[in-house]
Amino acid sequence: MRLLIVEDDEKTSGALKAGLESEGFSTVKASTGEEGFFLLNSEKFDLVVLDWMLPGHDGIQILKTLRAKGAQTPVLLLTARDAIADRVLGLESGADDYLVKPFAFAELVARIRTLLRRAAPIEPLRKTIADVVVDLETRRISRKGKNIELTPREFDLLVYLMRQPGQVVTREMLAKEVWAETNRVTPLDNVIDVHVAHLRKKLDEGHALKLVHTVRGVGFTLREEARV
C-alpha cells in the first residue's frame, strides 16, 4: 500500500516515514499543502496521512478541495486540536478519521489499516486471465481446464500479478508485497527471478498464448501475448 504523508515538521514526517515503511508500507513525503495536493493529482495513493496545521494551504483546505473534486482516497487527519468542535470540523471537511497529537504509533498503524480495509473493494474469489482460472478460496489454478500445481509462493506471485493486469511490477514491489521484505537486499532479486521462471514454465509451457513476461531492466508483467 502506498501512503502520502503531508507534514511540515521534518522530524515528525521522518519518523512517520521510517515507522510506516518498517510496517511494510510504501511512503512519499510532502512538507506543504500545495506539494501534497500536487502529488495527489499526479500520482496514485491508497491513503493520506494529513497534518492540519501546514504552511500555505492547511489540511482542512486540502481536504475540502479533494472532496470537491470527487476524490475518494482515505484521509487520516493529524492535529493537536482536541476540541469536539475541531473534530467535527475535520470529519465534516472530508477526513475519514482523526488522530490527536501526541499519539501512540501503534494506534496510528491500527487506524491506517482499518481505513485501508474499509476502502478495499470486495475482491471476487475467482480471477481469470485468458484461459487461466484462479480460485482464491481453494487456491487452485487451471488452464484450459487442466489443473496446475504451484507452490504457495508461486501462487501468491501469480495472484499479485493478476491484480495488476498489464502493468509492470518491479522486483522491489514483489519483495515488499509477496515476500514481505520491507528492505530489499540484492540476493532476493535472484530468488524472485527463479520463482518467476518456475511460474512461467508451469503456466505458459506448451501454450502459444504466453502470459508471464519479463520487461528487461524493469520487472515483470502479466498480459496476453501470442507467439509464433
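Quick check on SER26: is it within 20 Å of MET1 (Cβ to Cβ) and among the hydroxyl-bearing types (Ser, Thr, Tyr)?
Against the criterion (within 20 Å of MET1 (Cβ to Cβ) and among the hydroxyl-bearing types (Ser, Thr, Tyr)), SER26 qualifies.
Within the range 139-155, can you find the residues that are surrounded by fewer than 12 Cβ atoms within 10 Å (Cβ to Cβ) and acidic (Asp, Glu)?
GLU149
Within the range 52-68, work out how many residues are surrounded by fewer than 21 Cβ atoms within 10 Å (Cβ to Cβ) and under 22 Å from the mean Cα position of the chain (by Cα).
Number satisfying all stated conditions: 1.
Conditions first: (1) surrounded by fewer than 17 Cβ atoms within 10 Å (Cβ to Cβ); (2) more than 27 Å from LYS176 (Cβ to Cβ). LYS44 passes all but one, so which condition is the exception?
Of everything listed in (1) surrounded by fewer than 17 Cβ atoms within 10 Å (Cβ to Cβ); (2) more than 27 Å from LYS176 (Cβ to Cβ), LYS44 misses just condition (2).
Kindly establish whether LEU91 is touching a residue at least 40 places away in the same chain (Cβ under 8 Å) and surrounded by 14 or more Cβ atoms within 10 Å (Cβ to Cβ).
Here the answer is no, as LEU91 does not meet what is asked.
When you go through ALA106, ALA85 one by one, which is the residue that is modelled with pLDDT of 90 or more and within 23 Å of ALA120 (Cβ to Cβ)?
Among ALA106, ALA85, only ALA106 is modelled with pLDDT of 90 or more and within 23 Å of ALA120 (Cβ to Cβ).
Filter the range 58-68 for residues that are in contact with a Phe, Trp or Tyr (Cβ under 7 Å, 6 or more places away or on another chain) and either of a type in the set (Gly, Ala, Ser) or over 15 Å from LEU4 (Cβ atoms) (or both) and give the result.
Those that are in contact with a Phe, Trp or Tyr (Cβ under 7 Å, 6 or more places away or on another chain) and either of a type in the set (Gly, Ala, Ser) or over 15 Å from LEU4 (Cβ atoms) (or both): ASP58, GLY59, ILE60.
Hey, could you check the range 1-25 for residues that are hydroxyl-bearing (Ser, Thr, Tyr) and under 20 Å from the mean Cα position of the chain (by Cα) and say which is least open to solvent (accessible area, probe 1.4 Å)?
Of everything passing the filter in the range 1-25, SER13 is least open to solvent (accessible area, probe 1.4 Å).
Would you point out which residue out of LEU174, LEU158, LEU125 is out of contact with any strand residue (DSSP E or B) (no Cβ under 6 Å at 6 or more places or on another chain) and exposed (fewer than 13 other Cβ atoms within 10 Å of the Cβ)?
LEU125
Got at least one residue in the range 100-107 being buried (at least 17 other Cβ atoms within 10 Å of the Cβ) and touching a helix residue (DSSP H, G or I) at 6+ places or on another chain (Cβ under 8 Å)?
Among the residues of the range 100-107, not one is buried (at least 17 other Cβ atoms within 10 Å of the Cβ) and touching a helix residue (DSSP H, G or I) at 6+ places or on another chain (Cβ under 8 Å), which makes the answer no.
If I filter the range 55-78 for residues that are closer than 25 Å to GLU177 by Cα, in a loop (DSSP other than H, G, I, E, B), in contact with a helix residue (DSSP H, G or I) (Cβ under 6 Å, 6 or more places away or on another chain) and at pLDDT 90 or above, do I get at least one hit?
Yes, the conditions are met somewhere in the range 55-78.
Please pick out the residue among VAL49, VAL28 that is within 21 Å of LEU116 (Cβ to Cβ), in a strand (DSSP E or B) and either open to solvent by 70 Å² or more (accessible area, probe 1.4 Å) or in contact (Cβ under 8 Å) with a residue 60 or more places away in the chain (or both).
None of the others qualify; the one that does is VAL49.
Report whether or not ARG81 is in a helix (DSSP H, G or I) and either among the basic types (Lys, Arg) or open to solvent by 40 Å² or more (accessible area, probe 1.4 Å) (or both).
Considered against the rule, which asks whether it is in a helix (DSSP H, G or I) and either among the basic types (Lys, Arg) or open to solvent by 40 Å² or more (accessible area, probe 1.4 Å) (or both), ARG81 comes out as no.
Which residues, taken from the range 84-104, are of a type in the set (A, V, I, L, M, F, W, C) and part of a loop (DSSP other than H, G, I, E, B)?
ALA95, PHE103, ALA104
The values are calculated or read from the model by the stated rules, or taken from the named source; none is laboratory data. Computed from a predicted model, the values in this text were never measured in an experiment. Positions of Cβ are backbone-derived with ideal geometry, glycine not excepted, and every protein chain shown enters the neighbour counts. Surface accessibility is based on the protein's heavy atoms, side chains included, excluding ligands, DNA and RNA. Shrake-Rupley method; radii C 1.70, N 1.55, O 1.52, S 1.80 Å.
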